[in-house]
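Student: Below: one structure in structure tokens.
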Amino acid sequence: MEKNFKVYIYPDGDPNTFYQTPRKVTGKYASEGYFFQNIRESRFRTNDPDQAHLFFIPISCHKMRGKGTSYENMTVIVQNYVESLISKYPYWNRTLGADHFFVTCHDVGVRATEGVPFLVKNSIRVVCSPSYDVGFIPHKDVALPQVLQPFALPAGGNDIENRTTLGFWAGHRNSKIRVILARVWENDTELDIMNNRINRAAGELLYQKRFYRTKFCICPGGSQVNSARIADSIHYGCVPVILSNYYDLPFNDILDWRKFSVVLKELDVYQLKQILKNIPDAEFVALHNNLVQVQKHFQWNSPPIRYDAFHMIMYELWLRHQVIKY
């Protein structure tokens, strides 16, 4: 892949129509910004479309969102842009867009493209919201990890003796599973479950420091099935507990998540403490050690570094490319 894979980036559109690299590469949706930046500085980029295996449509809705553009208008802008690429270049029509992809980590970007059916159904969507109810197609689309960078504190690892708390979660109750999690466990003495985000006034980086002293970090879906908490848990060395009925986890084609996380159904929330306590010490040590090994896959760098999040996404795209026939 590293030697042969080539991607052609369609030239950015008019600055007034917002097809530039996202405004920033920090915060909750940093993954989108990092990908835009990384693809432009990587060896995978080609300026010769005839050499390309895939075509990148540089749609980013950050600027539209910042200017208060409505979802309806975003959809029109995106549709007009993609249709202009189809009419100007011959490449889309070779596969009806099957060898094209776009990247969006923000739910605004997902919603803005939902109104363009031929884009959603035909091209590869690299998204942070791999929910089937918004049309995610597992064999075609790619789950983008939602990574909150820069991390506030260094990576955790090789620190099992400091992890004395069984489980931890703190967050907003913005989903049914989070409401149940808080209601059932917020008064438990072994699970550190907080029915709200930790107030910054309570201490600097108090939230992040909880990850360092916890064995299992609970990761329930919020308003979307995805959560930046998963990448936080991995970075800080806390074994993530995925609490979701459906979630195409990032790099699912490459990594065996059950070797470094605990994957549960939402109904398991009622037996959560017992499930975690039943995990033998030796199994926890193995999960933790494997977690440290995969930390590099959930880290963005500029320029990109081999085996980091960018290269993992590119490998996922390479796998998708292999099944496209034209």
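Student: Taking the full set of protein chains and a 1.4 angstrom probe, give the accessible area of Tyr91 in square angstrom, rounded to the nearest 10.
Tutor: Around 30 Å² of this residue is reachable by solvent.
Student: Then there's this: With a 1.4 Å probe and all protein chains kept in place, how do Val292, Val262 rank by accessible area, largest first?
Tutor: Val292, Val262
Student: For an R0 of 22 angstrom, estimate the FRET efficiency from the Cβ-Cβ distance between Lys209 and Thr164 and round to the nearest 0.05.
Tutor: Given R0 = 22 Å and the Cβ-Cβ separation, E is 0.95.
Student: Using a 1.4 Å probe on the protein heavy atoms only, what accessible surface does Trp169 show? Give it in Å² to the nearest 10.
Tutor: So the heavy atoms of Trp169 present about 0 Å² to solvent.
Student: Counting only heavy atoms of the protein chains, get the accessible area per residue of region 219-326 (1.4 Å probe) and round it to a whole Å² value.
Tutor: Computed with neighbouring chains in place, this is 43 Å² per residue.
Student: Okay, moving on. Please give the per residue volume of the convex hull enclosing the alpha carbon atoms of the chain, rounded to a whole number of Å³.
Tutor: 137 Å³
Student: Between Ile324 and Glu2, what is the label-to-label distance in nm when each label sits 7 Å out along the Cα-to-Cβ direction?
Tutor: For the pair Ile324/Glu2, the computed spacing is 2.3 nm.
Student: Here's a follow-up. Work out how much length Asn93 to Ala286 would gain on full extension: take 0.36 nm times their residue separation and subtract the Cα-Cα distance, in nm to one decimal. Display every interim value, and only then the final one.
Tutor: Details: separation 193, 0.36 × 193 = 69.48 nm, distance 4.87 nm.
Once the chain is fully extended between Asn93 and Ala286, it gains 64.6 nm.
Student: So how do 226-235, 268-277 stack up, highest first, on mean other-Cβ count within 10 Å?
Tutor: My ranking of the peptides, most packed first, is 226-235, 268-277.
Student: Order Met1, Met74, most accessible first, counting only protein heavy atoms with a 1.4 angstrom probe. Please report the intermediate quantities before stating the final value.
Tutor: On the way: Met1 50, Met74 5 Å².
Reading off the accessible areas and sorting them downward yields Met1, Met74.
Student: Once you have the Cα-Cα distance between Lys259 and Val179, take 0.36 nm times their residue separation minus that, and quote the gain in nm to one decimal.
Tutor: Working: separation 80, 0.36 × 80 = 28.80 nm, distance 2.81 nm.
Stretched fully, the Lys259-Val179 segment lengthens by 26.0 nm.
Student: Ok, one more. Using a 1.4 Å probe on the protein chains only, how many percent of the accessible area of the chain belongs to carbon and sulfur? Before the final figure, lay out each step's value.
Tutor: Numbers: 7100 of 14590 Å².
Roughly 49 percent of what the probe reaches on the chain is carbon or sulfur.
Student: Give the ranking of Leu319, Leu267 by solvent-accessible surface, highest area first, calculated with a 1.4 Å probe.
Tutor: Leu267, Leu319
The values are calculated or read from the model by the stated rules, or taken from the named source; none is laboratory data. This structure is a prediction, so every number in the text was calculated from the model and none was measured. Ideal geometry is used to build each Cβ from the backbone, glycine not excepted, and the neighbour counts take in all protein chains shown. Surface accessibility is based on the protein's heavy atoms, side chains included, excluding ligands, DNA and RNA. Shrake-Rupley method; radii C 1.70, N 1.55, O 1.52, S 1.80 Å.
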